[in-house]
Amino acid sequence: MLRSLFFSPRIRRVAVPSSPLGPTLAMDNNNRSRTTDSSVQTNPRIQKLQQIVKTDASAGWEESWKQGVTPWDLGCPTPVILHLHHSGSLPMGRVLVPGCGTGYDVVAMACPGRYVVGLDISEEAIKKAKQMSSSLPNADDFTFIKADFFSWRPTDLFDLIFDYTFFCAILPEMRSAWAQQIQNFLKPDGELVTLMFPL
């Protein structure tokens, strides 16, 4: 049973424009999927993703990466992360990026004094992230781990957790488990930065 959550990471509000990707697909650990918006029928990329993950959410993520059906992947770092990094607004220390995918944000934030851990359930996503980043000059400042966010147990806490639509990819009944994991992973004075579609 989850206990009440009484933690207060520093909250920073950043306005960002709406995503051109449309509604998000949410899934749970019971192999069920749904969309956060009924207009999914008009977005073929989201519709294809929904077909892939319909029978098995966990295997669906892997298959979506293998087929290149990753409508959430911008193909570059998230603009707000670049802005926060270049303006010196991100804390130094350890950073976690759950659902990191190809790892553009992981690489963008990594620097001496800021060690970034990219976590993803998809072996294919982690493989792509490692291939894309292994020869970069800041490669000693980040790592990629294939693991399930909900069962993973890190050895050290994090100063910052950056969630780019990871929260949106889970069903509402899993949100308290997400919050519990965030609380478990984040230092008491740590920061949580989230970018998500309107729910």
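The values are calculated or read from the model by the stated rules, or taken from the named source; none is laboratory data. Just so we're clear, the structure is a prediction, and the values are computed from it rather than from any experiment. Virtual Cβ from ideal backbone geometry, glycine too; neighbours counted across all protein chains shown. Heavy atoms of the whole protein, side chains included, go into the accessibility calculation; ligands, DNA and RNA do not. Shrake-Rupley method; radii C 1.70, N 1.55, O 1.52, S 1.80 Å.
Values for this structure:
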read-out	value
1.4 Å probe accessible area per residue over the stretch 93-155, in Å²	42 Å²
Amide H contacts of Phe144 (H built 1.01 Å from N, under 5 Å, at least 5 apart or other chain)	Gly118
Amide H contacts under 5 Å for Asp163, placed H, 5+ residues apart	Val193, Thr194, Leu195
In sequence order, calculated HN-Hα J values of the stretch 181-194 (Karplus, 6.51, -1.76, 1.60; Hz; x Gly/Pro)	5, 4, 4, 5, 8, 8, 4, x, 9, x, 10, 10, 10, 10
Sequence ranges 155-165, 114-124, ranked by mean other-Cβ count within 10 angstrom, highest first	114-124, 155-165
Peptides ranked, highest mean first, by Cβ atoms within 10 Å: ranges 174-180, 89-95	89-95, 174-180
